Amino acid sequence: DSGVTQTPKHLITATGQRVTLRCSPRSGDLSVYWYQQSLDQGLQFLIQYYNGEERAKGNILERFSAQQFPDLHSELNLSSLELGDSALYFCASSARGGGTGELFFGEGSRLTVL
Amino acid sequence: ILNVEQSPQSLHVQEGDSTNFTCSFPSSNFYALHWYRWETAKSPEALFVMTLNGDEKKKGRISATLNTKEGYSYLYIKGSQPEDSATYLCAFEGYGQNFVFGPGTRLSVLP
């Protein structure tokens, strides 16, 4: 158990809909990262937050947004969903904002868009 | 675009075989190289973090080496066991940059 909690574990929805994925980092970790893993692709970095502020942005679509709350949990909002958004979305946390801090991953939220 | 490559893409070995695979990354702006193990239906778990050229890390039967000048790292597994079956990911961390993961090497150890 990494200590990172993600909900929901599975989600099935229709195109055009909006969903919110939730992540609670390990106790004391200030950084939260979001990754997307689509079929036959590696982990694609979406966005990172550190202590409530956006720290880095990767290939995150404009239809997606995220935030980190004062209690350090984070939410990833996916809107106007398309079939291609079906993927496993991982949250990871780290004690540091960068600099060799290893990542602790949650078990992922599997999103299926029909 | 930063490119992190891993080879081979997949590997099947017999129980007891030793094996190794490669992670290639940019040799400039290097800060750290991470290795993760990702078992099916679980989340990736950190194996090693390496920062210095020539670093060698070991955890049980698994070890890793690092060459930052030429931009590669090797992961070795000695005497593979079925429980070693997993996807092994490397991630490059540059100064002021975020982790960039490679596509992974999928290892299957046959009993």
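The values are calculated or read from the model by the stated rules, or taken from the named source; none is laboratory data. What you see is a predicted model, and the numbers here were worked out from it, not measured in a lab. Neighbour counts run over all protein chains shown; Cβ positions are idealised from the backbone, glycine included. Side chains included, ligands, DNA and RNA excluded: accessible areas come from the protein's heavy atoms. Shrake-Rupley method; radii C 1.70, N 1.55, O 1.52, S 1.80 Å.
Name the one entry in B:PHE92, B:PHE30 that is among the aromatic types (Phe, Trp, Tyr), closer than 25 Å to A:VAL4 by Cβ and either touching a residue at least 12 places away in the same chain (Cβ under 8 Å) or touching a helix residue (DSSP H, G or I) at 6+ places or on another chain (Cβ under 7 Å) (or both).
Details: B:PHE30 fails: closer than 25 Å to A:VAL4 by Cβ.
Sole residue among the options that is among the aromatic types (Phe, Trp, Tyr), closer than 25 Å to A:VAL4 by Cβ and either touching a residue at least 12 places away in the same chain (Cβ under 8 Å) or touching a helix residue (DSSP H, G or I) at 6+ places or on another chain (Cβ under 7 Å) (or both): B:PHE92.
Can you pull out the residues in segment B:9-27 that are open to solvent by less than 40 Å² (accessible area, probe 1.4 Å) and either within 21 Å of A:PHE104 (Cβ to Cβ) or within 13 Å of chain A (Cβ to nearest Cβ) (or both)?
Correct list: B:CYS23 only.
Tell me, yes or no, whether segment B:28-35 has at least one residue that is among the small types (Gly, Ala, Ser), surrounded by 14 or more Cβ atoms within 10 Å (Cβ to Cβ) and either on the phi > 0 side of the Ramachandran plot or in a loop (DSSP other than H, G, I, E, B) (or both).
no
Among the residues of segment A:9-36, write down those that are open to solvent by less than 40 Å² (accessible area, probe 1.4 Å) and either over 15 Å from A:ILE47 (Cα atoms) or among the charged types (D, E, K, R) (or both). Outline the logic, then answer.
Start the filter on segment A:9-36 by keeping residues that are open to solvent by less than 40 Å² (accessible area, probe 1.4 Å), which leaves A:13, A:19, A:21, A:23-25, A:29, A:31-36.
Result: A:THR13, A:VAL19, A:SER24, A:ASP29.
Could you look through segment A:87-114, keep only residues that are charged (D, E, K, R) and assigned to a loop (DSSP other than H, G, I, E, B), and pick out the one that is modelled with the lowest pLDDT?
Step one: filter segment A:87-114 for residues charged (D, E, K, R), giving A:96, A:102, A:107, A:110.
From what is left, the residues that are assigned to a loop (DSSP other than H, G, I, E, B) are A:96, A:102, A:107.
Numbers: A:ARG96: 67, A:GLU102: 84, A:GLU107: 94.
Here the residue is A:ARG96.
Every residue in segment A:68-86 that is touching a Leu at 6+ places or on another chain (Cβ under 8 Å), under 22 Å from A:ASP1 (Cβ atoms) and either in a loop (DSSP other than H, G, I, E, B) or free of Cβ contacts under 8 Å to residues at least 40 places away in the same chain (or both), please.
A:LEU72 - this is the single residue of segment A:68-86 that is touching a Leu at 6+ places or on another chain (Cβ under 8 Å), under 22 Å from A:ASP1 (Cβ atoms) and either in a loop (DSSP other than H, G, I, E, B) or free of Cβ contacts under 8 Å to residues at least 40 places away in the same chain (or both).
Being closer than 30 Å to A:TYR50 by Cβ, open to solvent by 50 Å² or more (accessible area, probe 1.4 Å), without any contact (Cβ under 8 Å) to a residue 12 or more places away in the chain and charged (D, E, K, R), is that true of even one residue in segment B:49-61?
First, the residues of segment B:49-61 that are closer than 30 Å to A:TYR50 by Cβ: B:49-53, B:55, B:57, B:59.
Pick out the ones that are also open to solvent by 50 Å² or more (accessible area, probe 1.4 Å) and you get B:51-53, B:57, B:59.
Restricting the remaining residues to those that are without any contact (Cβ under 8 Å) to a residue 12 or more places away in the chain gives B:57.
Now narrow it down to the ones that are charged (D, E, K, R): B:57.
The answer is yes, given that some residue of segment B:49-61 is closer than 30 Å to A:TYR50 by Cβ, open to solvent by 50 Å² or more (accessible area, probe 1.4 Å), without any contact (Cβ under 8 Å) to a residue 12 or more places away in the chain and charged (D, E, K, R).
Return the residue satisfying two criteria in turn: it lies in segment B:55-86 and is assigned to a loop (DSSP other than H, G, I, E, B) and within 14 Å of chain A (Cβ to nearest Cβ), and of such residues it is nearest to A:ALA56 (Cα to Cα). I'd like the intermediate steps shown before the answer.
Taking segment B:55-86 as the starting set, the residues that turn out to be assigned to a loop (DSSP other than H, G, I, E, B) are B:55, B:60-61, B:68-71, B:78-81, B:85.
Keeping just the survivors that are within 14 Å of chain A (Cβ to nearest Cβ) gives B:55, B:68.
Numbers: B:ASP55: 28, B:THR68: 24 Å.
Residue satisfying both the conditions and the ranking: B:THR68.
For B:LEU89, indicate whether it is within 12 Å of chain A (Cβ to nearest Cβ) and not in a loop (DSSP other than H, G, I, E, B). Spell out how you get there, then give the answer.
Numbers: within 12 Å of chain A (Cβ to nearest Cβ): yes; not in a loop (DSSP other than H, G, I, E, B): yes.
Yes.
Residues of segment B:100-111 being open to solvent by 10 Å² or more (accessible area, probe 1.4 Å) and part of a loop (DSSP other than H, G, I, E, B), which ones?
B:PRO103, B:PRO111
Could you grab me the full set of residues in segment A:5-30 that are within 12 Å of A:GLY106 (Cβ to Cβ) and not hydroxyl-bearing (Ser, Thr, Tyr)? Let's see the steps before the verdict.
Keep residues of segment A:5-30 that are within 12 Å of A:GLY106 (Cβ to Cβ), which gives A:5-9, A:21-26, A:29.
Across segment A:5-30, the qualifying residues are A:GLN6, A:PRO8, A:LYS9, A:LEU21, A:ARG22, A:CYS23, A:PRO25, A:ARG26, A:ASP29.
Just checking, which of B:LEU47, B:LEU52 is part of a loop (DSSP other than H, G, I, E, B), at negative phi and within 13 Å of chain A (Cβ to nearest Cβ)?
On the way: B:LEU47 fails: part of a loop (DSSP other than H, G, I, E, B).
Answer to the check: B:LEU52.
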